[in-house]
Amino acid sequence: MARIRERDVAAFDAIYDDYNRLVHGIALQMLEDAMAAEDVTQTVFLKIWDTPESFVRGNFGAWISRVTRNRALDVLRSRATRAEREIPADVPLDDVLEDTVFARLDGEQVRAALSALPVEQRSAIELGFFGGITHEEIARRTGAPLGTIKTRIRIGLRKLRAMLAPSVQS
Amino acid sequence: MIHDNDLLDSVALLALGTLSAGEAKELAAHVSTCDTCRREYAELRETAAIVGYAAELSVDLQASRGRNRPT
């Protein structure tokens, strides 16, 4: 990212090649629309080129995943048919330094780890990330009590962290 | 504040980003000032984001999409 700040096109190309399958995949899964997913992908990479300083520190893959999800949430908010339902908000805590425990990941590793979770934990986490719905809506759709959904998400995330970063305690 | 599991469960939702805007802002204000919740949030935030990798397209699928790098 330091090289992109210096307007190094080759550095930008390398970031694009490494992460465009991730960005496009998240947008496609959330929006279920190839054109809209393409728009989000373009927007995310333009943001990286225009404001590389927006990435400060930490895990770049996690950061770009969140940027993509937030852009896709904006698109969902703008869709009139979704207006009746509240779209969740991602409120980052800029003053909290996130733990960075993962080395370079890929889709296969994360899918394998999610598959190893109990199905109800996996489904709550995936709906939470990709569904563009609040935990209350997840509870309504799955028929599980709200407290159960919350616990499934927390326990599932802790297990996922332990599986993908075995050096940390769950 | 007593740190029952319900509060820590809510911190996990904040990390994943599934709270409503009002709930998220209210909880974020608390987390910023609470060591226990800050630690929970710091530990789960990266994990919550890498869930996105589950949707990473395969090289084959991407090849059919073509290369559309912004210019």
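Brief remarks follow.
- Average beta-carbon neighbours from other chains, 10 Å sphere, peptide A:113-124: 1
- Largest mean-square fluctuation among A:Glu108, A:Glu38, A:Glu86, in a Gaussian network model of chain A whose springs join Cα atoms under 10 Å apart, belongs to A:Glu108.
- Each of the peptides B:27-33, A:41-47, B:13-19 was scored by the mean count of other Cβ atoms within 10 Å over its residues; in descending order, highest first, they stand as B:13-19, A:41-47, B:27-33.
- The long axis of helix A:146-164 is offset from the longest Cα principal axis of chain A by roughly 50 degrees.
- Normalised radius of gyration (Cα atoms, divided by 2.2 N^0.38 Å) for region A:1-83: 1.11.
- The convex hull of the Cα atoms of chain A, projected and averaged over all directions, covers 10.9 nm².
- Listed by chain and number, the lysines whose alpha-carbon sits under 24 Å from that of A:Lys150, ignoring those within fewer than 8 places in the same chain, are A:Lys159, B:Lys25.
- Note on chain A: with a GNM built from Cα contacts shorter than 10 Å, the maximum mean-square fluctuation among A:Gly128, A:Gly143, A:Gly58 falls on A:Gly143.
Throughout, read-outs are computed from the coordinates displayed, never taken from laboratory work. The structure displayed is predicted, hence computed values, not measured ones. FYI the Cβ positions are ideal-geometry reconstructions off the backbone, even for glycines, and counts take in every protein chain you see.
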